[in-house]
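Working notes, structure below.
The values are calculated or read from the model by the stated rules, or taken from the named source; none is laboratory data. Since this is a predicted model, take the numbers as computed values, not measurements. Please note: Cβ atoms are built from the backbone with ideal geometry, for glycine as well, and neighbour counts cover all protein chains shown. Protein only, heavy atoms only, side chains kept; ligands, DNA and RNA dropped before computing areas. Shrake-Rupley method; radii C 1.70, N 1.55, O 1.52, S 1.80 Å.
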Amino acid sequence: MFDRRLFTNFDWTLLGVVLLITAFGVINIYSASSSYRDIGTPYYLKQLYWIVAGLGLCLTVCSLDYHMLEDFAYWLYGGVLVLLVLVLVAGKTTMGATRWISLGFFNMQPSEPMKIVIIMTFARFFSRYPVFKGLTLRELVQPLLLLGIPAVLIMKQPDLGTAILVSLIAGTMLLFVGVRFSALGTIFAAAVPTVVIAWQFLLHDYQKKRIYNFLNPDLDPLGSGYHIIQSKIAVGSGATFGKGFMQGTQSQLRFLPEQHTDFAFSVFAEEWGFLGCLLMLTLYLFLILWGLGIAKRCNDRFGSLLAVGVTAMLFWHIVINMGMVIGLMPVVGVPLPFFSYGGTSMVTSMVGVGILLNISMRRFMF
Amino acid sequence: MKKLNNILPDDDGGGRRIIGLSLGACAMFFLLLSRLWYLQVISAEDLIDQSENNRLRFVPVAAPRGAILDRNGKVLVSNTPSFSVAVIPQDVKNKEQLIDNLAHYLNLDRTEIETKWNKGQGRAKYYPLVVASGITRDQMEFLEENRLALSGVNIEMKPIRAYTNGSLASHLLGYLGEVSEDELNSERYREYNAGDYIGKSGIERAWESYLHGTDGGRQIEVDARGRFLRTVAETGSSVGNTVMLTIDLDLQKAAEQALGDQAGAAVAMDVNTGEILAFVSSPDFDPAHFTGRMPPEVWKKYLEDERHPLENKALKGMYPPGSTFKIITAIAGLEEGLIDEHTTIQCTGSYKFGNATFRCWDHKGHGSVDLKKSLRESCDVYYYKLAERLGVDRIAKYAKRFGLGAPLGIGLENEKAGVIPTQEWKLKRFGKKWYSGETLPVGIGQGYVLTTPVQLASMISTVANEGTILRPHLVKRVVDSDGKVLQDFAPQVLGKTGLKPATYRFVKEGLLAVINEAHGTGGASRLWEVKVAGKTGSSQVVKLRDSKGNIPYRFRDHALFVAFAPFEKPEIAVAVIVEHGEHGGSAAGPVSGKILRAYFEGKGVIKKPVPKSVPKEEEGGEGVAEPDTTGAAQQ
């Protein structure tokens, strides 16, 4: 049943790059959390556990033929949608946002699997959908509804970061399928009033404040503006060669917020300098281009779409997180895949890599 | 593969678009790289400078703790401002010299400051570290004048506790103290910083998370020597929530006065809700001593006092309940059908069991005794005989039904469970089997039986309301600073005893006789205006061969008293223990009487200036069972 060709075609390069990034991540978390009071298991060790768990999931995902996902895509979509509604009705509220539901033995955050599920759904939708010279506005209605329902539910939690990510992933897949210029123009024209309405009714005050702060960090040097200022100081003071491992003053003196999770990269930038950042950027860019390569080499449309979607998911996480750390984007809680501390992000990213490996090693099966 | 995907006609476009997406990704990464280049290469010098002289400092602003009120909204504990000295390690040029200076100016021990300083290691270097708290206004002004010599020193104003009523209810309210290193490392206090004050005992500790409030902070910019330049931004602190207790301030005062300087405890409880109205442990302490610096001689006095002023006796004191436990034995006998209200026994002043003799407190004997008389005159022999027939496990069954032998969950930490012995318990605890001779003292609340004053109050309350065990609780509601009710504590039923109504009727008639009939042991706590029912008790501290003469204080028996009133429609239950008070009727009874009087005066049932017309009853003292011979059965 398990074809030997699968093993010979296993994509060791992809797995190798991912493992290299996680290794840098663990080393960096060790340094970032060294100034913390030690309570319980240290973060770098917990991160290692998550990597092992993530790898397990990753290999499980790639051992099952990805074509099965095509059958389940809509069911999964429906299931996660129900969970998203449940969160709003009966979720657990922490820090003003309702993102978790309790399943008795553990808590889950259904907006996270939605990232993967929207990829499968779009891949399923467009795999049987003949497109000539790009999608017209009319043809866009259905997919935009498929995206819009979960996006609005997630934004209501409120979890702006995830809502934007899900939209960006789906948007990238639409671009891959092809959209006519006329349709793009119309959407752009409609987007402006939509943004105005969203600003008025959908965004919470703290979200608006973050955007204001991003535009002018000096407005709130104590709150999120403070984070951006301190993060920029950390990154910049790393200069070309960095201050050295465990030597970053910004992080060791704890000027940085969330320095083992969302701001992990600014610790890295301070300690390893521009050269270290160049290396990380190269690794990440390699990962993205490799993912797109898998999409290109894949012989069936469903697989191609899946690969593009997963790659887009990784890409947008990377760009938004790094953009935030170096002051190009507002502070939204988006982790850097394989690098920031956190089990949820690690699991989602590893499942994504599992899908990529799956497609990659089955490319000769037709 | 089970199905073939139709390959759609625009696959050529797919390849082109992959190239497009790749180019897009490259462009985005190039943008990120340019920004990194700009920050890390072009602006590096400037940002390195900023990181070395990071001049933003965070000054925490402590939130005022929430107030603690009594049931009518009267203030039990509130706040008053206090000054403390903090250092910002990063701004200190010469640590040793600064410690010397501070020690000199503040008249403190050098090592004391140093210890506190070193405790804050591992925290952000720009974060203020409190090294001395509770300094006087003069000292504060002196430090302000000498600021130039004290680079890196901050003077912080923070609110501290004001104990409006002095040592009133000190065990219940608890005291504050600086968070310890062990506590800082525990999950519970993970949000706290060295130098923070937390509740260390009582309500202050148990309700810490509600009372604490949210600390605010100011982001300030300082110059190169760490001196304040300007406030960049500020987030307000928010005051902790107000905790409203079930305690009645006036009744609490009356109860403390009634107990006076005797060591012991008193608990008064609402029979219909479980609300604790007064909660006294005596002697008490002054919680204000714990807020600033405790004078060593005061601390020494607290620790060396043989009456243990720091111990919460109402909650954690475990005492043999003595004859108050006869209520349980009587109930067990009635329910098991071994006795009825007419069953009589002969009391000759002692009871021989095996080769041991168990004495009644009245060596002359009570003659013919029925249930009512057995309670009224607290005849020990009646209960020896009843206990013998019941066996220890059946007594335990009913004791447990009344909530004895387990913590009641009153909402303070380290509540004690007490002990209700069974055959199984002894086997587990001592690895020995139960001897039947050990059952007899259990029948009169001696032997292995141990209860806390809170449990006794709950027991008599359950007798009064005829079978509903209500959780005794201390907090009525929690209110936030806007007056919004966060939590409201309704009466909570822990269980029902499920006894026959007649059982309660017979026992309660006995308890009424204890106080209101001739020869009753509890006459000293009678009120003329309200019918009181209750039971006296005294419990043995050590076995004494000769109970006459001058016994040293620490060997004297404990005096107990439980009561409820009014008899017809009970409202309040009281349990009193006077340590080494010897006789329940004469030592604990009057305390209970004064508490009940104050309660009914507060309700307007009794007019306040009462003529002293309570006649002296004959002193009801009951002794303790005491085997004449070192009987084998007693073990």
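All but one of (1) at negative phi; (2) exposed (fewer than 13 other Cβ atoms within 10 Å of the Cβ) hold for B:GLN139; which doesn't?
(2)
Could you tell me which of the residues B:VAL562, B:VAL541 is open to solvent by less than 40 Å² (accessible area, probe 1.4 Å), in the same structural domain as B:LEU456 (by TED's automatic domain parsing) and either touching a Phe, Trp or Tyr at 6+ places or on another chain (Cβ under 8 Å) or not in a helix (DSSP H, G or I) (or both)?
Sole residue among the options that is open to solvent by less than 40 Å² (accessible area, probe 1.4 Å), in the same structural domain as B:LEU456 (by TED's automatic domain parsing) and either touching a Phe, Trp or Tyr at 6+ places or on another chain (Cβ under 8 Å) or not in a helix (DSSP H, G or I) (or both): B:VAL562.
Among the residues of the range B:143-163, which ones are within 20 Å of the chain's Cα centre (by Cα) and part of a loop (DSSP other than H, G, I, E, B)?
B:TYR163
Quick check on my filter: what residues within the range A:49-84 are among the β-branched types (Val, Ile, Thr) and either surrounded by 13 or more Cβ atoms within 10 Å (Cβ to Cβ) or closer than 20 Å to A:LEU20 by Cα (or both)?
Within the range A:49-84, A:ILE51, A:VAL52, A:VAL61, A:VAL80 qualify.
Among (1) touching a strand residue (DSSP E or B) at 6+ places or on another chain (Cβ under 6 Å); (2) in a helix (DSSP H, G or I), which single condition is B:VAL130 missing?
Exception for B:VAL130: condition (2).
Restricting to the range A:267-319, count the residues that are open to solvent by 10 Å² or more (accessible area, probe 1.4 Å), more than 9 Å from chain B (Cβ to nearest Cβ) and touching a residue at least 60 places away in the same chain (Cβ under 8 Å).
Of the residues in that region, 7 qualify.
Go through (1) part of a helix (DSSP H, G or I); (2) without any contact (Cβ under 8 Å) to a residue 40 or more places away in the chain and name the single condition A:LEU328 misses.
Failed condition: (1).
Residues of the range B:285-294 being in contact (Cβ under 8 Å) with a residue 60 or more places away in the chain and either over 20 Å from the mean Cα position of the chain (by Cα) or part of a strand (DSSP E or B) (or both), which ones?
B:GLY292, B:ARG293
Report yes if B:GLU183 is closer than 20 Å to B:THR115 by Cα and either part of a strand (DSSP E or B) or without any contact (Cβ under 8 Å) to a residue 24 or more places away in the chain (or both), otherwise no.
yes
Would you point out which residue out of A:SER127, A:SER111 is under 18 Å from A:TRP75 (Cβ atoms), touching a Lys or Arg at 6+ places or on another chain (Cβ under 8 Å) and either buried (at least 17 other Cβ atoms within 10 Å of the Cβ) or among the polar types (S, T, N, Q) (or both)?
A:SER127
Do the conditions hold for B:GLY177, that is, is it open to solvent by less than 40 Å² (accessible area, probe 1.4 Å), closer than 23 Å to B:ASN79 by Cβ, part of a strand (DSSP E or B) and not basic (Lys, Arg)?
Taking the combined requirement at face value, the residue satisfies it.
So for the range A:252-265 (the condition being away from chain B (no Cβ under 13 Å) and charged (D, E, K, R)), does at least one residue qualify?
yes
A:ALA269 is checked against (1) within 26 Å of A:SER167 (Cα to Cα); (2) modelled with pLDDT of 90 or more and fails just one. What number does that condition carry?
Condition not satisfied by A:ALA269: (1).
Whether any residue in the range B:388-403 is in contact with a Lys or Arg (Cβ under 7 Å, 6 or more places away or on another chain) and over 24 Å from B:GLY534 (Cβ atoms) is what I want to check.
Among the residues of the range B:388-403, not one is in contact with a Lys or Arg (Cβ under 7 Å, 6 or more places away or on another chain) and over 24 Å from B:GLY534 (Cβ atoms), which makes the answer no.
With the structure loaded, tell me whether B:GLU191 is assigned by TED's automatic domain parsing to the domain that holds B:SER180, open to solvent by less than 60 Å² (accessible area, probe 1.4 Å) and under 22 Å from B:LYS116 (Cβ atoms) or whether it fails that test.
The answer is no for B:GLU191.
Please work out which one of (1) open to solvent by 40 Å² or more (accessible area, probe 1.4 Å); (2) at positive phi; (3) assigned to a loop (DSSP other than H, G, I, E, B); (4) not basic (Lys, Arg) is the condition B:GLY166 fails and give its number.
All conditions are met except number (1).
Listed residues B:THR344, B:THR357, B:THR329; which is open to solvent by 50 Å² or more (accessible area, probe 1.4 Å), of a type in the set (Val, Ile, Thr) and not assigned by TED's automatic domain parsing to the domain that holds B:LEU173?
Step by step, each of B:THR344, B:THR357, B:THR329 is checked, and only B:THR344 is open to solvent by 50 Å² or more (accessible area, probe 1.4 Å), of a type in the set (Val, Ile, Thr) and not assigned by TED's automatic domain parsing to the domain that holds B:LEU173.
Among B:SER481, B:SER461, B:SER436, which is over 28 Å from B:THR242 (Cα atoms) and modelled with pLDDT under 90?
B:SER436
Take the range B:440-492 and flag every residue that is of a type in the set (Asp, Glu) and either part of a loop (DSSP other than H, G, I, E, B) or surrounded by 20 or more Cβ atoms within 10 Å (Cβ to Cβ) (or both).
Selection gives B:GLU466, B:ASP480, B:ASP482.
Going by the conditions given, is B:PHE567 open to solvent by 10 Å² or more (accessible area, probe 1.4 Å), of a type in the set (A, V, I, L, M, F, W, C), at pLDDT 90 or above and not in a helix (DSSP H, G or I)?
It is true that B:PHE567 is open to solvent by 10 Å² or more (accessible area, probe 1.4 Å), of a type in the set (A, V, I, L, M, F, W, C), at pLDDT 90 or above and not in a helix (DSSP H, G or I).
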